[in-house]
Amino acid sequence: MSYTVETINDCTKKLVFNFETLDLTAEIKTAIIQKQKTTSLKGFRKGKAPLSMVEQVYGPQIQTEALNQFVQNQFFDAVQKEELRICGYPTFENMNYEEGKSVKFDALVEIFPTVEVKNLDKITVAKETVSVSDEDVAAMEKNYLGSRAEMKEVEGDVKLEKGHFAVLNFQGEKEDGERPENMKGEEFLLEIGSGQFIPGFEDGMIGMKKGEKKNIELTFPGDYHVEDLKEAKVTFETELLEIKQKIFPDFTDELAKEFGFESVEDFKTKTKDNLFKQKEREVAEKMHQEILEKLIEANTFDVPASLVSQQEASLREDLSRNLKGQGFNDEMLKEYFEKWSGDMTDKATFQVRSGLILDNLAKKFNVEASDSDFDAKIEEMAAGSGMQADQIKSYYASDAKLKGNLMYAIREEKTFEKIKEEIKLK
């Protein structure tokens with residue numbers, strides 16, 4: 001055997017190769033013949049140049065390519081022989097080649113670590129009770145009726161409160177006296193309590209009356225997306241022009257039918273059921289997160305840096321897309337990622353550890369996602385979205401990656417159900 005294997009850590013191996021005799025003559029000869037077929041040299045038609053001339057012109061390049069091919073072949077042969085589950089690309093080091101005589105080199109490669117999850121029976125998590133109140137259903141009813149509501153001015157000696165809509169003029173002034181145009185608004189409609197403005201602004205307006213003016217002193221958050229406004233102290237001059245509120249129509253069977261329900265009672269029944277399932281999912285996600293945190297705490301192992309790097313790149317791509325949708329430009333994105341790079345790496349590391357642990361437990365419990373599981377998930381998604389099951393199924397079936405991601409998620413869900421049978425729920 002022309003190599004030895006050294007263990008660097010749980011997920012890194014070094015393969016040390018040493019070929020004391022190495023003759024690449026045959027490989028180089030074959031490569032020259034292949035090169036001749038595609039080469040056009042001055043004075044000769046394509047593929048007709050003499051081998052000696054092709055060798056003279058391309059010899060060093062072909063020799064280098066032959067050596068590289070030899071190195072890669074030896075590496076992958078060793079990987080197969082040792083049954084290494086590699087991830088990422090190998091790094092070749094300490095290359096020492098004596099032409100026509102010998103070659104030595106090292107290959108550093110990351111592998112999937114061997115994960116053996118222990119102490120499942122020692123993990124305890126809280127199981128929250130799920131319930132849907134009449135207030136929850138009423139809030140959903142209000143959302144449906146929002147498109148039919150009328151905005152009307154509140155008459156009389158009324159103070160502004162949460163739920164009201166304020167029509168206001170405002171102008172922000174920084175400590176140095178600057179009054180930026182992007183901190184100015186005229187006849188601006190603001191729902192009080194919506195959190196649309198920076199923290200403290202809407203609370204500062206509560207209690208104002210129509211026609212009243214007020215200065216609201218605020219400090220911008222430290223993570224505000226505009227650099228020169230981070231932690232800036234600003235005074236907002238405000239004038240409340242009007243107080244408005246939404247007047248919602250009565251929810252009748254006729255309106256319920258327009259929203260796709262048979263009646264008001266049908267709306268309440270289906271809405272309560274959908275809200276219950278939604279809350280169940282939220283509670284399950286919270287419990288799953290807690291389970292993963294405790295499993296990671298109880299099971300330590302090295303994780304491949306290449307997997308963390310890939311996961312972090314995926315997170316950045318998704319977050320960039322969302323932030324651009326909120327108006328972030330490239331400079332703002334760069335600044336954001338520079339500030340939160342540590343958090344992104346931590347999150348990516350957590351997700352890689354979680355994936356490796358869940359994969360180990362899925363194998364332990366013989367969990368797989370079947371076609372029947374896929375069909376059941378499609379039906380569940382259809383019931384929750386109001387779309388036709390065939391439409392959703394066709395969407396996932398048209399993209400192998402999308403379907404693969406869904407099957408992976410189903411496998412994880414089934415794995416969590418097995419985990420819950422092993423841990424303690426209180």
Inset, instruction - Mind telling me which of 50, 221, 249 comes out most flexible in a GNM of the chain, alpha-carbon contacts under 10 Å? - result: 50
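Distance check, please: which entries in 244/272; 14/347; 35/104; 174/213 exceed 20 angstrom between their Cα atoms? Intermediate results must be reported in sequence, preceding the final value.
Numbers: 244/272 31 Å; 14/347 28 Å; 35/104 27 Å; 174/213 18 Å.
Listed pairs above 20 Å: 244/272; 14/347; 35/104.
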Legend entry - For the chain, size of Cβ-based charge dipole, Lys and Arg +1, Asp and Glu -1, in debye: 1860 debye
Inset, instruction - Just grab the label-to-label distance for residue 250 and residue 286, each label 7 Å out from Cα along the Cβ direction, in nm (one decimal). - result: 3.8 nm
Inset, instruction - Average the reciprocal distances over every distinct pair of alpha-carbons in the stretch 199-253, invert the result, and give the Kirkwood radius in Å. - result: 13.8 Å
Inset, instruction - Using only alpha carbons, build the gyration tensor for the stretch 119-180 and give me the equivalent ellipsoid semi-axes, biggest first, whole Å. - result: 42, 28, 11
Inset, instruction - Please work out the Cα center distance from the stretch 340-381 to the stretch 164-200, rounded to the nearest Å. - result: 44 Å
Inset, instruction - Calculate for the chain the 222 nm mean residue ellipticity that helices alone would give, adding -39,500 (n - 2.57) per DSSP H run of length 4 or more and normalising by residue count, nearest 500 deg cm²/dmol. - result: -16000 deg cm²/dmol
Legend entry - Sorted largest first, extent of the stretch 344-417 alpha carbons per principal axis (Å): 38, 31, 22
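Given charges of +1 on the Cβ of Lys and Arg and -1 on the Cβ of Asp and Glu, with all other atoms neutral, how large is the dipole of the stretch 220-310 about its Cα centre, in debye to the nearest 20? Could the numbers behind the result be given before it?
On the way: 13 positive and 22 negative charges, 52 e Å.
Charge dipole, the stretch 220-310, about its Cα centre: 260 debye, nearest 20.
Apply 1/(1 + (r/R0)^6) to the Cβ-Cβ distance of residue 82 and residue 136, taking R0 = 56 Å, and write down the FRET efficiency to the nearest 0.05.
Working: r = 57 Å, r/R0 = 1.03.
With R0 = 56 Å, the Cβ-Cβ based efficiency is 0.45.
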Legend entry - Between 0 and 90°, nearest 10: helix 264-298 axis offset from the chain longest Cα axis: 50 degrees
Legend entry - Exceeding the 28 Å Cα-Cα cut-off - candidates 214/339; 13/118; 122/414; 152/214; 122/339; 277/426: 214/339; 122/339
Inset, instruction - Pop a pseudo-label 7 angstrom from the Cα along the beta-carbon direction at both residue 93 and residue 382 and give the gap in nm to one decimal. - result: 5.6 nm
Legend entry - Backbone N within the stretch 136-164 under 12 Å of label point (7 Å from residue 391 Cα along the Cβ vector): none
Legend entry - Point-to-point label distance, residue 150-residue 421, nm (Cα→Cβ direction, 7 Å offset): 6.0 nm
Inset, instruction - Find the all-direction average of the projected area of the Cα convex hull for the chain, expressing the result in square nanometres with one decimal place. - result: 35.1 nm²
Inset, instruction - Go ahead and set up a Gaussian network model of the chain, Cα springs under 10 Å, then flag whichever of 33, 291, 247 fluctuates most. - result: 33
Inset, instruction - Pick out, from 296, 252, 241, the residue whose Cα sits farthest towards the positive end of the charge dipole of the stretch 174-318, with +1 on the Cβ of Lys and Arg and -1 on the Cβ of Asp and Glu. - result: 252
Legend entry - Accessible-area composition of the chain, carbon plus sulfur, in percent [1.4 Å probe]: 46 percent
Inset, instruction - Set the Förster distance to 60 Å, then compute FRET efficiency between residue 118 and residue 259 from the Cβ-Cβ distance, nearest 0.05. - result: 0.70
Inset, instruction - Round to the nearest 10 and give me the degree value, 0 to 90, for the angle of helix 25-38's Cα axis relative to the longest principal axis of the chain. - result: 60 degrees
Legend entry - Accessible area expressed per residue, the chain, with surrounding protein chains retained (probe 1.4 Å, Å²): 62 Å²
Legend entry - Debye, to nearest 20: dipole size of the stretch 338-426, +1 on Lys, Arg Cβ, -1 on Asp, Glu Cβ: 360 debye
Legend entry - Convex hull of the stretch 274-426 built on C-alpha atoms - directionally averaged projected area, nm²: 11.8 nm²
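The values are calculated or read from the model by the stated rules, or taken from the named source; none is laboratory data. Keep in mind that what you see is a predicted model, and the values were worked out from it rather than measured. Glycine also receives a Cβ, built like all others from the backbone with ideal geometry; neighbour counts cover every protein chain displayed. When the accessible area is computed, the model is the full protein with side chains, heavy atoms only, and any ligands, DNA or RNA have been set aside. Shrake-Rupley method; radii C 1.70, N 1.55, O 1.52, S 1.80 Å.
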